[in-house]
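Data first, discussion second: the structure below is written as structure tokens.
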Amino acid sequence: MKRLSTILMAFCCFAVQLSADVTTESRHFLTTEFGAGYSALLNHSSLGKSSGLAGGKLQIGYEWNYRRLLVHTGIEFASVNDRMNVHPFELQTPYTIGLPAGQAMVEHFDFRTWTETQLLGQVNIPVQIGGLFDDRYYFLAGARVGLPVLHRRATTATVHTYLTDPLLIGELGNVPVHNAFTSDETAAGAWAAATVNAQLSAEVGLVLNSFFPQTDAKAKGAGGAQTRTSARRGSDKGGKTILYRIGLFADYGLTSIVRPAPVSPLAVVSEPRNIALNDCFAASGNKVNSLLVGAKFAILFQLNEAKQQKPQKPLPSYIDIFVTDKATAKALPAQVDILDVTKQRTVRREAKSGKVRYRATNAGEYRITAYNESYYPDSQAVTVADGVKERVDLALAEREWLRLRVTNAETHKPVKVTARISDAHTGDSVTVMRTGAKTGVARTRLDRSHTYRLTITRTGYEPYELPIAYIGDSINIALTPLKVGRKVVLHNLFFATGKTQILSQSEQALDELSDFLRDNPTVTIRITGHTDDVGSDKANQILSEGRANAVRNEIVKRGIAAERIEAEGKGESEPIADNATEEGRAKNRRVEFTITATGGALIEQVAQ
């Protein structure tokens, strides 16, 4: 025991020395553990059956934690015990006491019960490595080297003795004159044939601190907030930690704790009627392996002060972006916009070969959008964590072609024009299409999520306007050369009800008329206002004249000479639809212009 005390003191000094100058990432603990459960000494003997006994262990140890890595060692005393129940057997020996020379009877020793109890105490040095998960669960696995230091064997046998003689009819049992007997024999002695015990060991369990709330002392002023205690924080006492663990363990001896020796008989009978009892291990000659399994409780005292650790920079995160053609799956050059949703900041990158890598400035959500003028954009959201590489695949669908062919309505020859594509709702210009002089053909790609309007103004021709129903259409347009007396209705021209005030939605129509006059500087026109038959003739006449003059004034404001524009009102006198219906009245409420002069030389030139 004196030697054991010296070992324990040396171990404690060693653990304290290791705890110096560490950070919270590396922690050192002094541990005390107690375990109890089932134990056995397994020798696989055919002499009887082992039933095992209760066992246990007591340990003082050292544990090093680095983040979630656990390394454990220490010194412990373990008690491994066993009970062997030997199968019944019988021994026979000649009996000559009190008999004439040359005569003998047979003495029988019937061992009806035999129980042998082995109590083994050994000192173990464990070395284990494991981990911590979710700050709640832990495991350790490794080896133990043990040296048996204490042993006690107790054997109890019940023996029935009797004599037999071939000359007698029956047996002679319990005959005092023959000194025959039936009794219990108990033998005890030291176990000297012990050797080093190498064991495999493993344990799993729970860190109890993480299952119970702990009151934060700083929060007492606010009512003592309850928080779950981290297994890596535990119960803080002056900057140190106390952890409590429970677990299940198993230790199995790989080497035999009994040195090999010649097999000895289990029992030996010699005159004068002396019975010598041997132990089962010596009688079997088999290896003896120790087994100890059970539950344990441990308290871990942190040895080092928790020091403030410099915050570590987060590991870099990357987003690998791949852009492909949706139909062919081939890499597609594209412009890529990367939106940091948290900071609401967009970074633009060029994926020239269909691939680009972006280093995320911080963890969080990003939205990636790829653009190519010939394709519809594609977008995808991705959440990035520190130190992680994410992949984003964007497949772009090709935009449809809008094809346009423009010809002269009279000669059917191609006409070179500039066609304007505008948004049908806002009137904003989207793109222009320029037809070739030899082919009269042009094409462009548009987004199918919008609706569009096509407008053509060409010197020497009447203006042309058309809503685009489907982007994939091929549109054939025949432009009509300018002729005196030709009337054109101004669509999308809106007035306040019963007034001459032009509404703002009419800007596009006014711009198109002024562009037509600017492109055809020799053309003069007459603007005519019309109404439906609601109201008096006089009122409708005045209203039609006022609206015609309002349009004339707006065109003059846009830089067209006033002498090129006349204005008149026709009231309700020239309807183009039935005033009996709302639809007909809406058509009759119109403003149109009539070409009054074209400049003959220009017309002739265009017609050629």
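The values are calculated or read from the model by the stated rules, or taken from the named source; none is laboratory data. Everything quoted here is computed from the prediction, not taken from an experiment. Cβ placement follows ideal geometry from the backbone for every residue including glycine, while neighbour counts extend to all protein chains displayed. The accessibility values were calculated without ligands, DNA or RNA, using every heavy atom of the protein model including side chains. Shrake-Rupley method; radii C 1.70, N 1.55, O 1.52, S 1.80 Å.
Here are a few things to note about the model shown:
- From the options 449, 544, residue that is more than 18 Å from residue 557 (Cβ to Cβ) and surrounded by 19 or more Cβ atoms within 10 Å (Cβ to Cβ): 544
- Selected residue (only one of 68, 83 is among the charged types (D, E, K, R) and within 27 Å of residue 158 (Cα to Cα)): 83
- Among the candidates 175, 204, residue that is in contact with a strand residue (DSSP E or B) (Cβ under 8 Å, 6 or more places away or on another chain), at pLDDT below 55 and at negative phi: 175
- Residue in the range 79-94 that is within 55 Å of the chain's Cα centre (by Cα), β-branched (Val, Ile, Thr) and more than 19 Å from residue 252 (Cβ to Cβ) present: no
- Contacts under 6 angstrom Cβ, first residue in the range 338-352 being over 15 Å from residue 381 (Cβ atoms), partner of a type outside the set (Gly, Ala, Ser) and open to solvent by less than 30 Å² (accessible area, probe 1.4 Å), 6 or more apart: 347/338; 348/337; 349/336; 349/356; 351/323; 351/336
- All conditions in (1) modelled with pLDDT of 90 or more; (2) exposed (fewer than 14 other Cβ atoms within 10 Å of the Cβ); (3) not in a loop (DSSP other than H, G, I, E, B) hold for residue 467, with the sole exception of (1).
- Filtering 74, 48 for residues that are closer than 23 Å to residue 207 by Cβ and buried (at least 17 other Cβ atoms within 10 Å of the Cβ) leaves a single hit, 74.
- Any hit, the range 322-337, residues being touching a strand residue (DSSP E or B) at 6+ places or on another chain (Cβ under 9 Å), small (Gly, Ala, Ser), modelled with pLDDT of 85 or more and exposed (fewer than 12 other Cβ atoms within 10 Å of the Cβ): yes
- Meets criteria (on the phi < 0 side of the Ramachandran plot and open to solvent by 50 Å² or more (accessible area, probe 1.4 Å)) for residue 514: no
- Boolean, residue 142 is modelled with pLDDT of 80 or more, closer than 20 Å to residue 298 by Cα and open to solvent by 10 Å² or more (accessible area, probe 1.4 Å): yes
- Residue count, the range 377-425 (criterion: among the hydroxyl-bearing types (Ser, Thr, Tyr) and touching a residue at least 60 places away in the same chain (Cβ under 8 Å)): 3
- For the range 415-436, the count of residues that are more than 20 Å from residue 516 (Cβ to Cβ), open to solvent by 70 Å² or more (accessible area, probe 1.4 Å), modelled with pLDDT of 90 or more and not hydrophobic (A, V, I, L, M, F, W, C) is zero.
- Set side by side, the residues 283, 267, 351 differ, and just one is under 30 Å from residue 119 (Cβ atoms), modelled with pLDDT of 70 or more and buried (at least 16 other Cβ atoms within 10 Å of the Cβ), which is 267.
- When 506, 514 are checked against the criterion of being at pLDDT below 95 and more than 60 Å from the chain's Cα centre (by Cα), 514 stands alone in meeting it.
- Listed by position, the helices (runs of 4 or more DSSP H) contained in the range 507-608 that have at least 3 residues being without any contact (Cβ under 8 Å) to a residue 60 or more places away in the chain and more than 29 Å from residue 407 (Cα to Cα) are 537-557, 582-588.
- Residue 101 fulfils the conditions (1) part of a loop (DSSP other than H, G, I, E, B); (2) hydrophobic (A, V, I, L, M, F, W, C); (3) modelled with pLDDT of 85 or more except for a single criterion, (3).
- Residue 115 being polar (S, T, N, Q), open to solvent by 10 Å² or more (accessible area, probe 1.4 Å), in contact with a strand residue (DSSP E or B) (Cβ under 8 Å, 6 or more places away or on another chain) and closer than 30 Å to residue 265 by Cβ: yes
- Scoring residue 494 on the criteria (1) of a type in the set (Phe, Trp, Tyr); (2) touching a Pro at 6+ places or on another chain (Cβ under 9 Å); (3) farther than 30 Å from residue 408 by Cα leaves a single failure, condition (2).
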